There are 2 protein chains.
Amino acid sequence: MTDTVSSLLAEIADIGRDPARGGYTRPVHSDAEHILREWFVGHATARGLDVERDRNGIIWAWAGGVGPDAVVTGSHLDSVPGGGAYDGPLGIASALVAFDQLVARGVGGRPRAIAVFPEEEGSRFGVACLGSRLLTGALDPDRARSLVDSEGTTLAEVASRNGLDPRHLGPDPETLGRIGTFLELHVEQGRGLVDLGEPVAVGSSILGHGRWRFSISGEGNHAGTTLMGDRRDPMVAAAQTIVLVKTVARSIPDARATVGRLVPVPGGTNVIASRVDLWLDLRHPEDALTRYLVDEIASRAAAVAAEEGCTVEVTEESYSPTVDFDARLQDQLCAVLPQAPRLSTGAGHDAGVLKQHVPTGMLFVRNPTGVSHAPSEQVEDADAEAGALALAACLEMLATA
Amino acid sequence: MTDTVSSLLAEIADIGRDPARGGYTRPVHSDAEHILREWFVGHATARGLDVERDRNGIIWAWAGGVGPDAVVTGSHLDSVPGGGAYDGPLGIASALVAFDQLVARGVGGRPRAIAVFPEEEGSRFGVACLGSRLLTGALDPDRARSLVDSEGTTLAEVASRNGLDPRHLGPDPETLGRIGTFLELHVEQGRGLVDLGEPVAVGSSILGHGRWRFSISGEGNHAGTTLMGDRRDPMVAAAQTIVLVKTVARSIPDARATVGRLVPVPGGTNVIASRVDLWLDLRHPEDALTRYLVDEIASRAAAVAAEEGCTVEVTEESYSPTVDFDARLQDQLCAVLPQAPRLSTGAGHDAGVLKQHVPTGMLFVRNPTGVSHAPSEQVEDADAEAGALALAACLEMLATA
């Protein structure tokens with residue numbers, strides 16, 4: 001085999017392109033994602049790997065037997081709407097190339113596998129890391145079965161159509177028990193490696209993150225007849241909140257705070273809104289600081305809203321504390337990759353879910369734009385190959401340790 | 001007939017209620033607006049009026065022949081999202097009751113008609129006073145046909161589905177030529193009559209007003225992984241724009257500036273937006289100051305956006321200069337209604353469009369809350385009946401002058 005990461009990704013470069021948003025739209029169990037799965041299964045089979053799909057739709061490609069204490073690497077093939085080419089597929093292509101290198105070097109030792117996790121992005125059913133959450137029992141199977149996509153189709157129906165028995169979705173201790181170590185390679189979703197001048201990093205943690213809904217209420221009225229001094233305009237209070245979110249977040253190093261979604265009610269051009277809902281996405285490596293930031297933003301928002309004659313109600317929609325990857329595994333990886341810095345990430349990953357159950361680590365590959373979840377996400381060919389080499393070196397160390 | 005304005009409005013009190021926003025959502029050619037049209041046609045037919053719909057979808061109910069030099073009154077039945085019960089329907093119900101009074105008093109003279117104008121609010125296709133603008137040629141029919149609603153359906157398609165030939169939308173000099181005088185009764189959208197202690201006013205002018213779309217572009221990216229300093233976030237630039245809109249508007253007496261509609265793209269909670277569109281609704285009695293305000297807001301928005309690494313594109317979607325109602329007609333109306341003060345309004349009306357072509361006036365009825373385009377818009381029953389009496393008196397004067 002003489003595949004490179006770049007040549008593998010070139011094979012799927014036309015699959016699932018999104019002409020409207022740019023980039024790729026490859027939701028789980030779409031035609032595009034099915035083509036990518038077939039592409040992976042074809043490559044795995046050609047390499048003599050034993051391919052199976054488990055009861056939660058995770059694809060496993062085994063070398064050297066099926067567990068126990070296997071060294072597993074993998075990632076996902078689904079994307080956000082209008083996402084980039086690398087978020088997910090880079091980890092899969094790199095795994096195939098790394099396995100080739102282990103074969104070429106005659107590496108034996110522990111069994112090893114490549115895993116493809118479905119619905120990592122949560123872009124179809126709204127729950128990120130759906131496959132790994134089902135596998136590990138982090139997601140209740142009854143709740144999972146009743147999740148619906150934007151067409152109103154349940155996960156149970158989609159599973160059935162795709163050859164899975166929805167009754168069997170859920171915790172799978174036997175499959176989980178085969179994993180001795182899990183290592184996920186992923187494109188970096190930021191500019192840490194650009195700033196450090198290195199192609200590959202060892203993951204240290206996943207930032208704690210949460211979502212809070214701010215519901216700002218004022219007084220709906222006519223845009224043309226209501227004098228400026230007579231207004232209680234929640235859009236003005238919302239705008240001041242967004243400005244202070246940035247100010248507060250910038251005051252604490254490593255905080256990331258975003259308002260990407262905002263809905264005015266009723267939302268007419270010639271109507272002063274009666275209410276504005278906005279969602280705060282907030283992340284920080286230290287959970288106490290995340291809490292501090294939310295409280296600070298909420299209290300300052302209440303103050304600016306009060307000046308505008310408005311009120312604010314804050315609701316926590318979700319919160320996940322910071323996940324630190326296995327310390328001993330990090331040290332082992334850094335010993336194999338002495339140049340690689342340790343970097344944390346603000347993004348969620350299946351590795352963050354698996355970490356609760358098995359020793360888990362991550363590798364990140366440099367992204368010149370730092371952009372992710374958007375078409376301009378980028379990886380240089382040389383860095384992609386360096387990533388696969390680093391992955392192979394780490395897998396060899398783990399398999400033969 | 002013993003209908004009162006209150007009894008007529010009670011008949012439609014349950015049509016098009018909006019459980020989410022409160023009040024009424026009755027966009028043009030929705031089921032709710034169709035029920036209101038049928039309700040009007042039923043009442044007009046029961047009174048022996050000759051009902052016709054013209055090529056632009058305006059409903060005309062004629063008494064005493066079809067023009068020329070007719071005395072026409074009317075308003076609209078469509079609403080903004082979550083609007084009140086009176087904005088539009090009050091003028092239609094009052095016209096029916098006023099016509100009953102003219103019949104009871106045996107008033108003859110000039111032909112008279114009630115007109116129902118479609119899409120006065122512009123809440124479905126984005127252009128206010130769509131029917132009267134098409135009738136008078138103020139809106140290019142090609143542009144009108146290609147207007148789209150939020151579902152992407154064109155006005156041409158909606159017209160076809162509703163029995164209108166979209167090729168025939170546009171200027172209709174024959175129908176326009178039948179109007180000798182136009183008089184629109186409307187709920188006041190402010191507290192002028194409350195402060196003056198009177199139930200009915202004669203309209204003096206409509207403030208110049210317009211709508212501008214601000215399209216703010218930045219860089220879409222991952223909300224969790226993009227450091228605060230690496231962002232070009234159009235939502236932050238949009239927020240700063242909304243804050244400065246208020247500051248700039250407050251610096252000029254009598255200016256009213258509103259952002260009631262804002263759409264982030266892609267609009268995901270965990271995605272920094274790549275673009276934010278917001279709409280500025282701006283009004284001032286002096287057209288030169290409206291222009292000054294738009295230019296000032298646009299240039300300051302470009303500056304704050306540039307600081308955020310974003311760009312702004314400003315598109316004028318509509319602009320109507322200040323309209324002074326016919327001075328001679330105002331004097332005639334005030335002679336009939338000696339107690340009525342003269343009031344200007346900040347709201348647009350079909351009367352403002354027709355004023356460019358025929359002698360046109362307005363009557364306003366007291367609104368205790370002063371609120372409009374919101375559920376708490378209000379008219380006392382006694383004021384509603386006083387408004388219909390005033391309208392009847394004015395129509396009689398005009399018909400027999």
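Nothing in this text is a laboratory measurement; each read-out follows from the coordinates by a stated rule. As the structure is a prediction and not an experimental result, all values here were calculated from the model. Here the Cβ positions follow ideal geometry from the backbone for every residue, glycine too, while neighbour counts run over all protein chains shown.
Tabulated data
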{"quantity": "Per-residue average of Cβ from other chains inside 10 Å of B:372-382", "calculated": "4"}
{"quantity": "Average other protein chain Cβ within 10 Å of Cβ, residues A:20-30", "calculated": "1"}
{"quantity": "In degrees, nearest ten, helix B:31-46 long axis to first principal axis of chain B (Cα)", "calculated": "10"}
{"quantity": "Label point 7 Å beyond Cα along the C-beta direction, distances from B:Ala46 to other copies (nm, shortest first)", "calculated": "7.8"}
{"quantity": "With Cα atoms, 0 to 90° folded angle of helix A:89-104 axis to chain A main axis", "calculated": "20"}
{"quantity": "Chain B: angle of helix B:287-307 to the longest principal axis, Cα-based, in degrees nearest 10", "calculated": "20"}
{"quantity": "HN-Hα J in Hz across segment A:370-375 - Karplus 6.51, -1.76, 1.60, θ = phi - 60°, x for Gly and Pro", "calculated": "x, 7, 9, 6, 7, x"}
{"quantity": "Förster radius 60 Å - calculated FRET efficiency between B:Arg53 and A:Leu227 (Cβ-Cβ, nearest 0.05)", "calculated": "0.95"}
{"quantity": "Approximate spin-label separation A:Asp295-A:Asp31, in nm, with each point projected 7 Å along Cα-to-Cβ", "calculated": "5.3"}
{"quantity": "Segment A:363-390-segment A:61-106 distance, computed between alpha-carbon centres (Å)", "calculated": "15"}
{"quantity": "Distance (nanometres) between label positions extended 7 Å along Cα→Cβ at A:Thr400 and A:Thr4", "calculated": "2.6"}
{"quantity": "Nm distances between copies for A:Asp326, ranked from closest, using label points 7 Å along Cα→Cβ", "calculated": "8.7"}
{"quantity": "Cα gyration tensor, segment B:103-210 - rounded (a/c under 1.5), prolate or oblate", "calculated": "oblate"}
{"quantity": "Cα-based shape type of segment B:14-164, given that a ≥ b ≥ c are square roots of the gyration tensor eigenvalues and the cut on a/c is 1.5", "calculated": "oblate"}
{"quantity": "Percent of beta bridges antiparallel (DSSP, chain B, rounded to nearest 5)", "calculated": "70"}
{"quantity": "Normalised per residue, the volume of the convex hull around the Cα set of segment B:209-320 (Å³)", "calculated": "84"}
{"quantity": "Estimated FRET transfer efficiency when R0 is 51 angstrom, pair A:Glu307-B:Arg105 (beta carbons, to 0.05)", "calculated": "0.40"}
{"quantity": "Cα gyration tensor, chain B - rounded (a/c under 1.5), prolate or oblate", "calculated": "prolate"}
{"quantity": "Other copies of A:Arg342: label-to-label distances in nm, shortest first, labels 7 Å along the beta-carbon direction", "calculated": "8.0"}
